1. Any of 13/154; 131/181; 54/155; 155/181 with alpha carbons more than 27 Å apart? Name them for me.
2. Arrange 310, 82 by Cβ neighbour counts within 10 Å, fewest through most, would you?
3. Return the long-range amide H neighbours of residue 65 (sequence gap of 5 or more, or a different chain), with a cut-off of under 5 Å between placed amide H atoms.
4. What distance in nm separates the two pseudo spin-label positions at residue 316 and residue 455, each 7 Å out from Cα along the beta-carbon direction?
5. Hey, with R₀ at 51 Å, roughly what FRET efficiency would residue 391 and residue 229 work out to, going by the Cβ-Cβ distance, to 0.05?
6. Residue 93 to residue 405: extension gain in nm, 0.36 nm per residue of separation minus the Cα-Cα distance?
7. Taking amide hydrogens as modeled 1.01 Å from N in the peptide plane, which residues meet the under 5 Å criterion relative to residue 328, leaving out close sequence neighbours?
8. Quick check: pseudo-label points 7 Å beyond the Cα along Cα→Cβ at residue 64 and residue 138, how many nm apart are they?
Amino acid sequence: MATDNTILLTIEKFSSGYSPLAFSDSLTELGQSGQASVMQNVNILNGNITQGFKLTNLTGTLTQSIQYIMDKAVSNNSSYAIGTSKIYNISSTAISDLHTITGCTEGESIQYLKGNLLYFYNTSSAGAIGKYDFSTFDDNWGTGLQLAPHPSDKKEDIVVFGNGRYAGVYIAETNSLTTEKLDFGIGMEVADVIYNSGFWYIAVNSNVTGTNRSEGQIFLYDGAALINTLTDETGVGMMRIGFLYRINGIVYVAYEDLSSPGFIIGYINGKSISPLRRYTGTLPTFQNKTLYNNTILFLSDNLVYSAGAIISELPFQLSQIATSTYTNATAIAAPFGTPLVASNNGSTYVISKFDGFTKTASWKSIVFPLVSGLNKAFIDSVTVITKSLGANASCSLTLEYDQATKTSTAQTITGTGITRHYFSTLGIASIEDLRVCLDWSGGSETNDCEIRRIIIRGNFNEG
């Protein structure tokens, strides 16, 4: 950073996302130059940094909370979602009421299998499975399930689903439904199910109610789903599992330890879990995950996060990329490629899609210490390198310094067609540390202000 008496600080490679300790220390110094101590709705997936996504509501009227959105299209521009009592048809632009489920009080999940739609739901006293052959709805096709979450996944002609302490199996070839195929015991509950590389991965928690500490296990079950015994297991320990997700044959796990804030995403590595990043917020569940740009998009509270890397040459990252329309976010999926987020405020219900750039976007770097012996730092200039900016593209830059107790004058990064922005009037002298702050609130929802690199020059003098 410094040679002789000079300071040269280059902030770049934003694709690393949050600093490892950002979740617990907003003034963290740990991390690479392009990592964030704080961020709101930014996109760093290609290595540069710009505004995250604005959300636009699908057309159509919703009268209830959406609990689950199918993560694939059943036919061209057509998929399905389930609410607290209804099935909805969704396209990339609209949502429409399709069917009211008799007795349903909570939708759980949906699977498309061999020309039929299977929908899992709860009544006030039990769970059930409905079946839609695209002509007739049979709400009581499968009955006698537990009143519990019902995550599900499929491969070929088999669906495996959670059923409280049990895992159930439906095999379409023989039209065989077994709601209690595997029994994990009293006090256990299936949290998620996925299929990967010849096995079903079944995440199970114990002591799942209230604020009790839970022990999580991930069981492997034979892909044919014919036997009543498990193949193997991975112990997570005294952790509660939120969801499982598969990308390129790697199974990722979201889990929490109630003795510390937030939760962790890791991956299954043999018989153990290798942690990758820790996050703040509520543990996401099986309804709260999808794939976007080769990364896991997930919901935590009303925030949309990205975890992963768009290509193998980039690091695994966590970033906060969007915010749901309303504060109660319930489901996320991308059946048409563009992510859809269901949310509500208790009286208004929407499904919204990523569409354009949000102006509610900001980012703060890690803190850079700038003391050399008895000398403090004087900042001479800041140069910002952007893409060629479109009309009205804009971002405000300030420097916070001395543990964020003081702030420089704001500088505006803007100018159609400009890529190099030079500032030398920040008015900063005799400081001990700094961090860079970016704010796109004065920018554009059409033309974003994408930043490639920030270069800070200064010198050390006796303060």
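Computed from the coordinates by the stated procedures, all read-outs in this text should not be read as laboratory data. None of these values were measured; they are calculated from a predicted model. Here the Cβ is made from the backbone with ideal geometry for all residues, glycine too, and neighbour counts use every protein chain on show.
1. In this structure, 13/154; 54/155 lie more than 27 Å apart at Cα.
2. Going from least to most buried by this count: 310, 82.
3. Under 5 Å from the amide H of residue 65: 84.
4. Inter-label distance under the simple model: 3.5 nm.
5. Computed FRET efficiency for residue 391 and residue 229 comes out at 0.20.
6. Using 0.36 nm per residue and subtracting the Cα-Cα distance, I get 107.7 nm.
7. Hits under the 5 Å cutoff: 344.
8. If labels sit at residue 64 and residue 138, their model points lie 2.2 nm apart.
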